[in-house]
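Here the structure comes first, spelled out in structure tokens, and everything after it is commentary.
The values are calculated or read from the model by the stated rules, or taken from the named source; none is laboratory data. These numbers come from a predicted model, not from an experiment. Here Cβ is always computed from backbone atoms with ideal geometry, including for glycine, and neighbour counts include all displayed protein chains. Note: accessible area is taken over every heavy atom of the protein model, side chains too, but ligands, DNA and RNA are not part of it. Shrake-Rupley method; radii C 1.70, N 1.55, O 1.52, S 1.80 Å.
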Amino acid sequence: MKINSLSPIGIFDSGIGGLIIAKEIKIQMPNEYFIYFGDTINMPYGDKSKNFIIDHSMKIVSFLYKKKCKALVIACNSIASNALDVIKEKFHKKILIFNVIDPVIKNNIFLSSKRIGIIATPATIRSNFYIEKIKKYYHHLDIIKISTSLLAPIIEKGDNIEKINNVIKYYLNFLQLKSIDRLLLACTHYLFFKQEIENFFHGKVHLIDIQKIVVQEIKKQLNKKKLLCIYPNYNKIPIFYTSSYIPSFFEKKVRTLFGKNVFIKTHSFNWI
Ligand code: DGL
């Protein structure tokens, strides 16, 4: 399939979480055109089985591949930690594949830490993907991980900030007792609440700017492969797909982050 620097970047998540990564792509690589897919009908992925996550993400990857994307960004920790190997096995010769976990771990960010916290969905925690990777690069680290199952669904729903803050506090109270020095928000949905989480710890726990690190790596690799778009792609309007209907909060978030000049569409798969 013929791709070049003008081809789109395909980004996907279970819902709104990956929009944070898409926004950072717009900031660091303003000429890039992208196609986003949020599998809103199946959200949350965090409470699904590994097989479910593999089957559904493979369908989305095939869809984005057929749209002639030059690169694929798995903007979801639950997908990356459960399906990355399978996606790579089938697609690594066809398309550049990025995820939100590897660039962060390889960034030396934990070298000066002693004890870190990881909050993530049950599917990510259960996979052990983070622990295996972190232990490989940072032998000295003490890791406290918690599965924060309630958080992503209420963020996706756009529940009121008070309710979300209460749920955040409920989970973080435990971590506060454990004297962590860094916290990894290992679910892209949580990145919307980085400030609130930082406030909770009164600046005493360092939070990592995941989207910045991930997009720096994407930019570096696209540049290396001569696939970085260096000319403004004026006539290319970003497209945001959801599965089935368009949830109003998804649409609101897209318009807040990317303005009016976007297409928001639906695409339904035959999931069986
Ligand atoms: N945004 C996804 C992640 O990074 C998870 C949300 C979900 O449970 O679907 O893991």
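Using just the helices of the chain, give the 222 nm mean residue ellipticity in deg cm²/dmol: DSSP H runs with n ≥ 4 each add -39,500 (n - 2.57), and the total is spread over all residues, rounded to 500.
Working: 11 runs with 117 residues, N = 272.
Dividing the helical sum by the residues of the chain leaves -13000 deg cm²/dmol.
The alpha carbon convex hull volume per residue for the chain rounds to 124 Å³.
With 17 Å as the cut-off, how large is the P(r) tail for the range 127-272, expressed as percent of Cα-Cα pairs?
Working: 7780 of 10585 pairs.
Percentage above 17 Å: 74.
Within a straight-line Cα-Cα reach of under 16 Å, Lys136 can be paired with the following lysines, leaving aside sequence neighbours fewer than 8 residues apart in one chain: Lys106, Lys114. Of all DSSP bridge pairs formed entirely within the range 1-144, close to 0 percent run antiparallel.
Taking every pair of Cα atoms in the range 56-119, average 1/r, invert it to obtain the Kirkwood radius, and report Rg/Rh to two decimals.
Working: Rg = 14.0 Å, Rh = 13.1 Å.
Across the range 56-119, the Cα-based Rg/Rh ratio is 1.07.
I'd like to know which of Tyr45, Leu151, Phe34 lies farthest towards the positive end of the charge dipole of the chain, counting +1 on Cβ of Lys and Arg and -1 on Cβ of Asp and Glu. Toward the positive end, the furthest listed residue is Phe34. Spatially, the range 89-119 and the range 4-76 are offset by 16 Å when compared through their Cα centroids.
For the chain, the longest principal axis of the alpha carbon atoms and the long axis of helix 50-66 meet at an angle near 30°.
Dipole of the range 1-118, Cα-centred, from +1 at each Lys and Arg C-beta and -1 at each Asp and Glu C-beta, to the nearest 20 debye? Computed charge dipole of the range 1-118: roughly 340 debye.
Give me the dipole magnitude in Debye, nearest 20, for the chain about the Cα centre, with unit charges on the beta carbon: positive for Lys and Arg, negative for Asp and Glu. Write out the running numbers ahead of the final one.
Values: 41 positive and 20 negative charges, 190 e Å.
Computed charge dipole of the chain: roughly 920 debye.
Packing around the peptides 70-82, 207-219, taken as the average count of other Cβ atoms within 10 Å per residue, puts them in this order, highest first: 70-82, 207-219. Placing one equal scatterer on every Cα of the range 1-56 and applying the Debye formula, the log10 ratio I(q)/I(0) at q = 0.28 Å⁻¹ is -1.07. Seen from Ile97, the other residues with C-beta closer than 13 Å to its C-beta sum to a net charge of +2, counting Lys and Arg as +1 and Asp and Glu as -1. Note the angle between two axes, namely the Cα long axis of helix 77-91 and the longest principal axis of the Cα atoms of the chain, as a number of degrees from 0 to 90, rounded to the nearest 10. So the helix axis and the longest Cα principal axis differ by about 40 degrees. Looking only at the range 63-104, which residues have a backbone nitrogen under 17 Å from a spot 7 Å from the Cα of Lys50 in the C-beta direction? Answer for this model: 77-90. To put it simply, the accessible area of the chain at a 1.4 Å probe is 53 percent carbon and sulfur.
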